[in-house]
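Below: one structure, written as structure tokens.
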Amino acid sequence: HLLSSIMLNSVAKFKSRNLPSIIDSLNNGIVPKYSFFALAALLVLYRGKDDNKEIVPLNDEANVLNYFKDLWAHGYTSLQLVKKVTKGLFESEVLYKNSKLIASYVDDILKLGTNKALEKLLK
């Protein structure tokens, strides 16, 4: 598959497939750091640029694409951005309460690049 095909409606897929697992993990006293990292990577991907600042063609509903375009253009800090997305687009109090951790992964991805940020997480 092309990456753009796999990415089709990624936000809706995350909400329906990943969010329930995150909630289950937290209810069982487990911090799902890999799922939070996946969300951070998704948020960074939706700025429309890869680690090399090259354009990434995004494939999602127009309202989702416009939401992220406006969000990234505004210049929010990672924490502000994560709080807005988790409370707004994802409508998730669980994600919102974990905004600091998710934002730290967003920062790592932006500063180090996705691969090095993932290596840091796995250490």
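Only the coordinates and a few stated rules stand behind these numbers; no lab work does. Values in this document were obtained by computation on a predicted structure and should not be read as measured data. Cβ sites come from the backbone with ideal geometry, for glycine too, and all protein chains shown count toward neighbours.
Simple spin-label estimate for Glu93 and Ala73 gives 3.4 nm between the two label positions (7 Å along the Cα-to-Cβ direction from each Cα). Computed per residue of the chain from DSSP H runs no shorter than four, each worth -39500 (n - 2.57), the mean residue ellipticity at 222 nm is -17500 deg cm²/dmol. Pairs of C-alpha atoms in the chain farther apart than 19 Å represent 46 percent of all such pairs.
Taking each of Lys49/Lys69; Lys13/Lys111; Lys53/Lys116; Lys15/Lys97 in turn, the alpha-carbon distance tops 19 angstrom for Lys13/Lys111. Just check the stretch 51-116 against the gyration tensor rule for me: Cα atoms, a ≥ b ≥ c as the square roots of the eigenvalues, rounded for a/c under 1.5, and otherwise prolate or oblate depending on whether a/b exceeds b/c. Oblate shape, in that a/c is at least 1.5 and b/c is the bigger or equal ratio. Dividing the Cα radius of gyration of the stretch 1-73 by 2.2 N^0.38 Å, with N the residue count, gives 1.21. Estimated at 0.36 nm per residue, the fully extended path between Asp50 and Leu110 surpasses their Cα-Cα distance by 20.6 nm.
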